[in-house]
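What follows is a set of notes on a single structure, which appears directly below.
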Amino acid sequence: QVQLVESGGGLVQAGGSLRLSCAASGRGVSINAMGWYRQAPEEQRELVATITSGGNTNYADSVKGRFTISRDNAKKTVYLQMNSLKPEDTAVYYCNTFSGELPWGQGTQVTVSS
């Protein structure tokens with residue numbers, strides 16, 4: 001069974017940066033089109049960045065120009081570089097496929113103080 005493990009979150013001041021990682025493990029696992037999602041308290045989970053197996057990326061308007069998604073296929077890992085962080089970026093961040101079909105990981109908490 002595929003397992004997704006997110007890491008790299010933390011507490012940062014507004015304007016700061018964090019780099020999140022999502023490692024996929026499991027027998028025969030391969031990651032194709034992947035995305036980073038986030039869920040703030042009492043809000044629905046939203047998709048903020050996606051990357052195809054070929055490296056094409058797309059971003060939600062709220063993070064465009066500040067976040068960069070990338071991947072290392074050999075390591076089965078997807079990254080999210082987050083710069084110029086804002087308090088409204090505070091959320092638990094998850095990775096999954098475009099359709100969210102894999103078992104969700106525990107996520108990693110990102111807290112941005114003003």
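The values are calculated or read from the model by the stated rules, or taken from the named source; none is laboratory data. In this text the structure is predicted, and so the values were computed from the model without any measurement. Don't worry about glycine lacking a Cβ; one is built from the backbone with ideal geometry, like all the others, and counts go over all protein chains shown. Just the protein is used for accessible areas: all its heavy atoms, side chains included, with ligands, DNA and RNA removed. Shrake-Rupley method; radii C 1.70, N 1.55, O 1.52, S 1.80 Å.
How far is the Cα center of segment 76-114 from the Cα center of segment 11-66, in Å?
The two parts, judged by their Cα centres, are 5 Å apart.
Quick check on the chain: of the DSSP beta bridges with both residues there, what percent are antiparallel, nearest 5%?
90 percent
Give the accessible surface of the chain per residue, rounded to a whole number of Å², with probe radius 1.4 Å and ligands, DNA and RNA excluded.
It amounts to 53 Å² per residue over the chain.
If packing is taken as the average number of other Cβ atoms within 10 Å across a peptide's residues, how do 6-14, 46-54 rank, most packed first?
46-54, 6-14
Around SER84, under 13 Å between beta carbons, what's the net of Lys plus Arg minus Asp minus Glu among the other residues? All intermediate terms of the calculation are to be shown ahead of the outcome.
Details: positive: LYS64, ARG66, LYS86; negative: GLU88, ASP89.
Charge balance near SER84 sits at +1.
With r as the distance between the Cβ atoms of ALA74 and THR111 and R0 = 25 Å, compute the FRET efficiency 1/(1 + (r/R0)^6) and round to 0.05.
FRET efficiency, THR111 to ALA74: 0.20.
With the full set of protein chains in place, find how many percent of the accessible area of segment 1-112 is carbon and sulfur; take the probe as 1.4 Å.
Reported share for carbon and sulfur atoms: 45 percent.
May I ask you to derive the relative contact order of the chain, considering only C-alpha pairs under 8 Å and at least 6 residues apart, and to give it as an integer percent? Spell out each step's value before the answer.
Working: 277 pairs, mean separation 42.0, N = 114.
Worked out over the chain, it gives 37 percent.
Quick one: net charge of ALA33's neighbours, Cβ under 13 Å, K/R +1, D/E -1?
Here the charged neighbours net out to 0.
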